[in-house]
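Student: What follows is a structure written as structure tokens; I'll ask about it next.
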Amino acid sequence: MTSAPGSESPDFRSGFAALVGRPNVGKSTLLNALVGQKLSIVTPRPQTTRHRIVGISHLPNAQIAFVDTPGLHQHGSRALNRAMNRTASTSLNDADLVVLVVDATKWTAEDDLALERVVSSGLPAIAAVNKIDQLRPRDRLLPYIAELSRRHEFAAIVPVSALKGESVEVLRKTIAEHLPVAPAMYADGELTDRPLEFRIAEMIREKLTLELNQEVPYGVAVEVEQMAEADGQLTVDASIWVDREGQKPIVIGAKGERLKRVGRSARIALNDLLGRRLHLNLWVKVRENWADNARALKQLGLE
């Protein structure tokens, strides 16, 4: 492992910062902005993030391992929902710092739930007040921050817009200042702990979710089954799981057009992200009620 520059300095800081919050507050968009590359997929749909994802930011005097987690939610009786809540909660176990991500435009009961987890963790906490670009009028921000400071004694409260990149650098430096003095944990230039197969599967799932909109709510998963390289091109075989037979024609679309659009969109995005040619083969398979099947969840790395 090649050490990060400056990591031998007595003032170098390093650690895990867990991003937590309710669904749809912008944790994944914030992770991508903090790391400077797309690691977590983003859609308007709540609970898009299902896994624990580490994104690594390298600063001159610090290394931050950001941990993106599923949104903590109150409802959802399926095994998948329970697994996502467990993933979000247990991600705090190894963290040095927790970043509570909240929406500047509103506070909900699920924000209360997320804050309860932050408080019970006993970890130092920073609040990232996201989506300030959507706040109208902007002078509502100061009362929101004042109320937030009454809810918990945060080490810092930083207003940001993850989407617009506003004050993201301020948040990154603030987080680094509150990490323990420690050597770097990852090699210089390393961006994530997730393998290529995972990132490809997630990109396909993002494009699929955007294409399907509300038609197949949460009964869709993607698994990369095989990858092979020849003549400088990476060929990927991936399966899309649906949990009911009736969902299969919806995902495929008339004459296969929907599946072709998803594959084309994912391939273009992956070519750009990976900087290389990629050929994608997609199949749609049915596994009845996979989101309530412990073995299926384990196979997909969700349990």
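What follows draws every value from the coordinates through simple rules; no lab data is involved. Note that this is a predicted model, so its numbers are computed, not measured. In this analysis, Cβ positions are derived from the backbone assuming ideal geometry, glycine residues included, and neighbour counts consider all displayed protein chains.
Student: Tell me which residues come under 5 Å, amide H to amide H, from Leu97 once H is placed; ignore anything under 5 positions away on its chain.
Tutor: Residues meeting the amide H criterion: Phe16, Ala18.
Student: Would you please give the FRET efficiency between Val286 and Asp188, computed as 1/(1 + (r/R0)^6) with r the Cβ-Cβ distance and R0 = 51 Å, to the nearest 0.05?
Tutor: 0.70
Student: Grab the Cα-Cα distance for Asp272 and Glu225, subtract it from 0.36 nm times how many residues apart they are, and report the gain in nm with one decimal.
Tutor: Residue separation times 0.36 nm, minus the Cα-Cα distance, leaves 14.7 nm.
Student: Then there's this: For the pair Arg45/Glu116, report the inter-label distance in nm, with labels modelled 7 Å from Cα in the Cβ direction.
Tutor: Modelled inter-label distance: 2.8 nm.
Student: What full-extension length gain, to one decimal in nm, is calculated for Thr235 and Asn61 as 0.36 nm per residue of separation minus the Cα-Cα distance?
Tutor: 58.7 nm
Student: Which distance in nm do the two modelled labels at Val170 and Trp107 give, with both placed 7 Å along the Cα-to-Cβ direction?
Tutor: Label at Val170, label at Trp107, 2.0 nm between them.
Student: What are the ³J(HN,Hα) values, in whole Hz, obtained from phi via the Karplus relation 6.51 cos²θ - 1.76 cosθ + 1.60 with θ = phi - 60°, for each residue of the range 171-187 in sequence order, with x given for Gly and Pro?
Tutor: Those phi angles translate into 5, 4, 5, 5, 4, 4, 5, 9, 8, x, 5, 6, x, 4, 9, 10, 5 Hz.
Student: Can you sort Lys255, Lys248 from fewest to most other Cβ atoms within 10 Å of each residue's own Cβ?
Tutor: Fewest to most other Cβ atoms nearby, the residues stand as Lys255, Lys248.
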